[in-house]
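Written out below as structure tokens is the structure these notes cover.
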Amino acid sequence: MKTIIVADDLTGANDTSAVLAKNGMRVATLDNPNDSLSYENFDALAFHTESRGMESENAYNIVNEITKDLSNINIKVDFFSKRIDSTLRGNVGSEIDGILDALPSNTVAMVCPAFPGSNKIVIGDYMLVNGIPLENTDVRNDPTSPVTTSRVATVIAQQSKRQIGIVSMETILQGKEAIVSNIEGLVENGAQIIVFDSCTDEDINNVAQAIIKSNVPFITVDPGAFTNAVVMAMTPVDAVKTKQKALFVIGTASGIVVDQLTDLKAAHNPYIVKINSEELLYPGRAEMECQRVVTEILSNLNNNQLFVIATMVEAKDKLDLKLAAKNAEISVYEASKRICKYVSKMGYQIMVQSKNQIGGVYTSGGDITQEFLAQSKTKGVEIKDEIIPLTVYGRVIGGLLNHKPIVTKGGLIGDKKTLTLCADYLITKISNSFYEEGEH
């Protein structure tokens, strides 16, 4: 097992679990520590103490006791995670002390409370929410857990008895080696809690890799993103669950697709292959282009989780279909049909030739989806859910892709975040399918 998460409420436990689950981890939120042995093959287990609104001393005691209980169960755990509120509400310092006092005395709390995906960053030890200092947001007026300072270290120091060190953005920007050196120096000088600045997911990933490299025994303290980064950094490439991979087949050529891909790149860093649409208008050249795209994706399966084949990645990629059709001496209608046919063929061949390494597929545009399913020789799609209007999730019925998760979307539907939303949804469904089939 990678980690045990101790959260101050059920929602927090579930949130951190969900972040891990999206990346293919097997995670459960439990009520009773004594049930842990039944789930020792899971990647993470989350527990909740409902201690956010308690008096500081009571919060310390309940976190300390549950950590002791979990430490005494015969399960190998890489590290504990203290899940805290993303706006630092509650008994942050007391609960850090509670969990540390139940673990070996040389354990250090690594605190990285930034959550860039929710527009919360930490710079100069100050938390900013949508660019506003935390103390100037509504959290200041929270009825049970008001926060009146934006400084992370100050919030912790109000309750913790331990020495606190800070790793600044200046060090973060210098890279992992500088972060490791800073960690080691702070620990040598007595720090038992270290707070990290972070503004981006890349910052968080660098901090995660640095604390592992430092070989300092640690717990993570964060709202979820940092713990996820540490778990992923601890997961060997050859242990990644290959069925968690997803393929996106996009034949729509429009500005909204470019915006959606830009957002997807920022969120998931997919491996993208641009299709040369004009080549698809000429049968011989079309087959060569198909082979190029399929080969490139298959050659990079081991190093990536999300794959995109698309006819348009940047605005300059848009094909003048009328001119291209004229040059190929075919009608615009026939040109469109050929592009649709070959893009779908690429998607299908990638799915089949990946030998079950790709766990689900996304198709954009009704024509692409219809042709993809036809080439897959399916009987149809069992519709399971609507993600947003005109964007649905289901399972393929029949053919070589039987029961595969599929998300289909109208080509011009949604805003710039829609593709990322679909990716998050599909990844979670693929993960669920992986475990339901008992292949863990």
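The values are calculated or read from the model by the stated rules, or taken from the named source; none is laboratory data. Please read these numbers as outputs of a predicted model, since none were measured by experiment. FYI the Cβ positions are ideal-geometry reconstructions off the backbone, even for glycines, and counts take in every protein chain you see. Note: accessible area is taken over every heavy atom of the protein model, side chains too, but ligands, DNA and RNA are not part of it. Shrake-Rupley method; radii C 1.70, N 1.55, O 1.52, S 1.80 Å.
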Legend entry - Amide H contacts of HIS48 (H built 1.01 Å from N, under 5 Å, at least 5 apart or other chain): ALA7
Legend entry - the chain: most fluctuating residue of ALA13, ALA233, ALA44 per GNM, C-alpha cutoff 10 Å: ALA233
Inset, instruction - Note the direction-averaged projected area, equal to a quarter of the hull surface, for the Cα convex hull of region 149-295, in nm². - result: 13.0 nm²
Legend entry - Residue (of GLY90, LEU400, VAL313) at the positive-pole extreme of the chain, dipole from beta-carbon charges: LEU400
Inset, instruction - Would you mind telling me which residue in ASP367, ASP320, ASP78 has the biggest mean-square fluctuation in a Gaussian network model of the chain, where springs connect alpha carbons within a distance under 10 angstrom? - result: ASP320
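Of the listed peptides 216-226, 124-134, what is their order by residue-averaged count of other C-beta atoms within 10 Å, with the highest listed first?
Working: 216-226: 23.5, 124-134: 16.5.
Per-residue mean Cβ counts within 10 Å order the peptides as 216-226, 124-134.
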Legend entry - Sequence-distant lysines (8 or more away, or on other chains) whose Cα lies within less than 16 Å of LYS377: LYS341, LYS345, LYS404
Legend entry - For region 1-134, the fraction of alpha-carbon pairs in successive 10 Å shells from zero, as %: 12, 42, 36, 9, 1
Inset, instruction - Please turn the phi angles of region 264-275 into ³J(HN,Hα) values with the Karplus equation 6.51 cos²θ - 1.76 cosθ + 1.60 (θ = phi - 60°), one per residue in order, whole Hz, x for glycine and proline. - result: 4, 4, 5, 7, 10, 6, x, 8, 10, 10, 7, 8
Legend entry - Placed amide H near ASP142: partners under 5 Å, 5+ positions off or other chain: VAL147
Legend entry - Under-5 Å amide H pairs with PHE218, H placed in peptide plane, nonlocal only: VAL108
Inset, instruction - Among DSSP beta bridges whose residues both lie in the chain, state the antiparallel percentage, nearest 5. - result: 30 percent
Legend entry - Calculated P(r) over Cα pairs in 20 Å bins from 0, in percent (choose from [x] 24, 48, 24, 3, 0; [y] 24, 51, 22, 3; [z] 23, 57, 20, 0), label: [x]
Inset, instruction - Determine ³J(HN,Hα), in whole Hz, for all residues of region 396-407 in sequence, where each value follows from phi through the Karplus function 6.51 cos²θ - 1.76 cosθ + 1.60 and θ = phi - 60°; x replaces Gly and Pro. - result: 5, 10, x, x, 6, 9, 3, 6, 5, x, 9, 10
Inset, instruction - Treating the angle as unsigned and between 0 and 90°, give the value, to the nearest 10°, between the Cα long axis of helix 418-436 and the longest Cα principal axis of the chain. - result: 80 degrees
Inset, instruction - Round to the nearest 10 and give me the degree value, 0 to 90, for the angle of helix 201-214's Cα axis relative to the longest principal axis of the chain. - result: 50 degrees
Legend entry - Rounded accessible area per residue of region 103-184, 1.4 Å, Å²: 49 Å²
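Quick one: pull the percent of accessible area on the chain belonging to carbon and sulfur, 1.4 Å probe, ligands and nucleic acids left out.
Of all accessible area on the chain, carbon and sulfur atoms account for 48 percent.
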